[in-house]
Structure formats: C-alpha cells, structure tokens
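Just so it is clear, none of the values below were taken in a lab; they were calculated from the coordinates. Everything quoted here is computed from the prediction, not taken from an experiment. Glycine gets a Cβ as well: all are built from the backbone with ideal geometry, and neighbour counts include every protein chain shown.
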Amino acid sequence: MSFKLRVYNVVTHNELELKLYERVTRFLREVKYRGIRSRRGIDIFERVLYIFPNNIKVVNYPRSTPLVAFNPGAIVKDGCLLVFPRLIFDYYWYISSIGLFVLELKELLGKYNSYANKTYYTKIVLYPVEKWELVGCEDARVILFNNNYHILYVAREITSLEGHYRSLQGYAILDEKLNVISRKFFKIVHNGESYIPPAWRDSAFLEISVKRASLLTRPSIPSSNGLIEIGWWGEVDLDTGNIELESLKPILPTEKWEFKVGFSTNTVKISSNEYLIGWHGVAEDYIYRNGVLVVSRDGELLGITDYILEPKGLVEAYGDRPGVIFGDGLILYKDYLYWIGGISDYAIGIFRVHIDKLFESIKWIKG
C-alpha cells in the first residue's frame, strides 16, 4: 500500500524534546508498521446497552445528576462489572471527575440496541484536588493489583484563571474502600533532567509490579506543523512517576489519512506474552474510529485490525462532541470481547464482538 508521509519539522525547547522528536520522526520515516491497515473498515461490534446521564444518580455529591457521563473505564470484580465513568456537572470550566457504579454481568447479555431502564447509583471516587489536575480528572483506565485500584487518568493542569489547561498523564492508587492512597503525574527523565510534553494521555498498563510497570502511552511531541500524536511503549517507576527516556519507543504510527492515533482502553492479557488493547484513529473527517491490536509485554506490535467500531446513527453520532466512540474499558466475558466506551462525549455505550470474529479481523505481523 502506498502512503504519503506527513512531514514534521522540529520545534524544541530542550534536549529531551529533541531526542523524542528525532526518535518519532525516524520511526515514521522507517515505515515500520505502516501500510498494514486500510482506510475502509467494517464495524463488527453488536450494540448491547446505552446508559445515559439520567440513568446515573450520584450518591456522595449534592448535584446528583451529571450533565454528561461518558468515556468509562471498566474492570470485572467479584462477578460484577465495575464502571468508572467520566462525569461533568457544568460547562463553565468543563470540569470532569471519575465515578464508579456497578453493573451486573447479566446486563452484558442483553438485547441488541437496548436502553438502560434502571438507575445506576454512582460514587465519585476521583476529583480535582491538586493544581495539576484542577481543571479535571478524565478517562480512567483501571486495573486491580494487590487489592488496590490503579487508575491511569488524564489530569488537566490549570494554566490561567480563564480555564486554560494542559493535559498530564495522571496516576492514582485507591484502596479497597476507594480511599485515595496516592496521586501523581508522569514525567520523562534523562541524565537528571525531566520533561513533560505539552499534552499527554491515552495510557494503559501492560505488566505491573510493586515498583515498576510497562505501559502503552501517547506523549504528544511538538513540531512546527503541530503535535505528533502516535502510540509509544515505555516503563515507569511507580514511586516517582518517572519514565526513563531510553525506555520509550514508538510502536503505533498514523496512516496517511490520519491526524493522530492513540490507545483507547485498558489491556486484556490473552496469553503469556500477548495483550489486546483498543486504539483509535482520527481521520480528515474528524471522526473517532476504533480498532484492536495485539502487543507483547515489551512493546512489539504483533497484530492489528482495521477500524472495526465507529459511531452509527443518532444516539452514537450526535452529542457534545459529535462523531466519537472512545475508550476506556475492555473486558473478556463468555467468549465475547466487550468495549465499554463513551459515545459523542455525553453517554455510555456497551459493544461486543465474539472473540472468534475479532481474531478473524486481526492482521498478524508476528506470531
């Protein structure tokens, strides 16, 4: 497949930024992993359930009904689906918090295109506290480790009283009772220097231990033509939030028709060294379309689909930000892969595909 390489010229502020810029542009020039996907995708997901803001009742905050509830993280625990939606209650600074409600797994076996007919009692579990997250906590990716909830989220740091911000990669640990143990944001470090990209989001853990974790992530790299936004792999020190520059490597490139790509969900381990994760691409029409890829624990891209999930019809395509299905939860249950995601920045959709049909759609690179 032929493609047109988008040309980026460097705009750097320090040595770390220059090294990242050189690394990402070299990766794109080498054409590794490019030309595998096609522009035209086929949506293979069934629509299972839609959950709207009026289905949500917040129990620990005076404003009990959010204006919007979307982009939910999700995990399975004790036979239930725990859903961590992004909640917004006003449009002044558009401040997000992260909540939690419980959904019975049998609800995942519901009818096609069904609307929720119940109330989901929701607790806010993560909300802005620090200056570096004062304009919102967004888009949770959640895993359980050592009986604690480890949440990667987008922290919006305030940069002016007019509500201007930049996005940081936040990381919080909550105990079994949902008390916040710690919160921090990630930095890239090298030779005693540290660097925070102008925008950083779309991260998910692969392997995690007490002190370190491997992860997929998307630091945005400045150039004179805008930000270069593609997928990376790296390793993070969980005590400090530091990612050594030498551990970072780009692995998911844009194709010729895309402005950016990123990782959309948590990872799902499917073998000793294979992980599924959802990803998204934004094309010239500004629609968010999604696929799934398989990656090894050390960041080798093993397989990837074309677009296999995109917004359809009035309910999914029309909202506060039209044309979006986005993250943030991915689970395997009863031979189905479930994508628990946001629809057009206002509501939640649950989508599923049989695992056999999913694997038929993967274009294998290795393995």
Arrange the following residues from fewest to most other Cβ atoms within 10 Å of their Cβ: Lys366, Lys184, Lys249.
-> Lys366, Lys249, Lys184
Holding the Cα-Cα limit at 18 Å, pick out from Lys118/Lys312; Lys32/Lys363; Lys256/Lys366; Lys77/Lys211; Lys32/Lys260; Lys19/Lys249 the pairs that are longer than that.
-> Lys118/Lys312; Lys256/Lys366; Lys77/Lys211
Ignoring the sites themselves, what is the longest stretch of the chain with no chymotrypsin sites (Phe, Trp or Tyr not before Pro) in a DSSP loop and at most 10 other beta-carbon atoms within 10 Å?
-> 113-367
Report, in deg cm²/dmol and to the nearest 500, the calculated mean residue ellipticity at 222 nm for the chain, where each DSSP H run with n ≥ 4 adds -39500 (n - 2.57) and the sum is divided by the residue count.
-> -2000 deg cm²/dmol
Counting Lys and Arg as +1 and Asp and Glu as -1 over every other residue whose Cβ sits under 10 Å from the Cβ of Asp239, the net charge comes to +2
A chain fully extended from Lys211 to Asp90 at 0.36 nm per residue, minus the present Cα-Cα distance, gains in nm 39.8 nm
Taking R0 as 56 Å and r as the Cβ-Cβ distance between Tyr127 and Ile42, the FRET efficiency 1/(1 + (r/R0)^6), rounded to the nearest 0.05, comes to 0.90
By Cβ neighbour count within 10 Å, fewest first, Ser64, Ser96, Ser361, Ser224 rank Ser224, Ser64, Ser361, Ser96
At R0 = 30 Å, FRET efficiency that the Cβ-Cβ distance of Leu67 and Tyr333 yields, to 0.05 = 0.50
Roughly what would the spin-label model give for Leu161 and Asp298, points 7 Å off Cα along C-beta, in nm?
-> 5.4 nm
Amide H contacts under 5 Å for Phe89, placed H, 5+ residues apart = Leu67, Ile95
For Asp320 and Ser224, FRET efficiency with R0 = 56 Å and r from the beta-carbon atoms, rounded to 0.05?
-> 0.95
May I ask you to sort Glu229, Glu104 by Cβ crowding, counting other Cβ atoms within 10 Å and putting the fewest first?
-> Glu104, Glu229
Neighbourhood net charge (15 Å Cβ-Cβ; Lys/Arg +1, Asp/Glu -1) for Lys57 = +3
Counting only residues 5 or more apart in sequence or on a different chain, those whose built amide H sits under 5 Å from that of Asp345 are Arg321
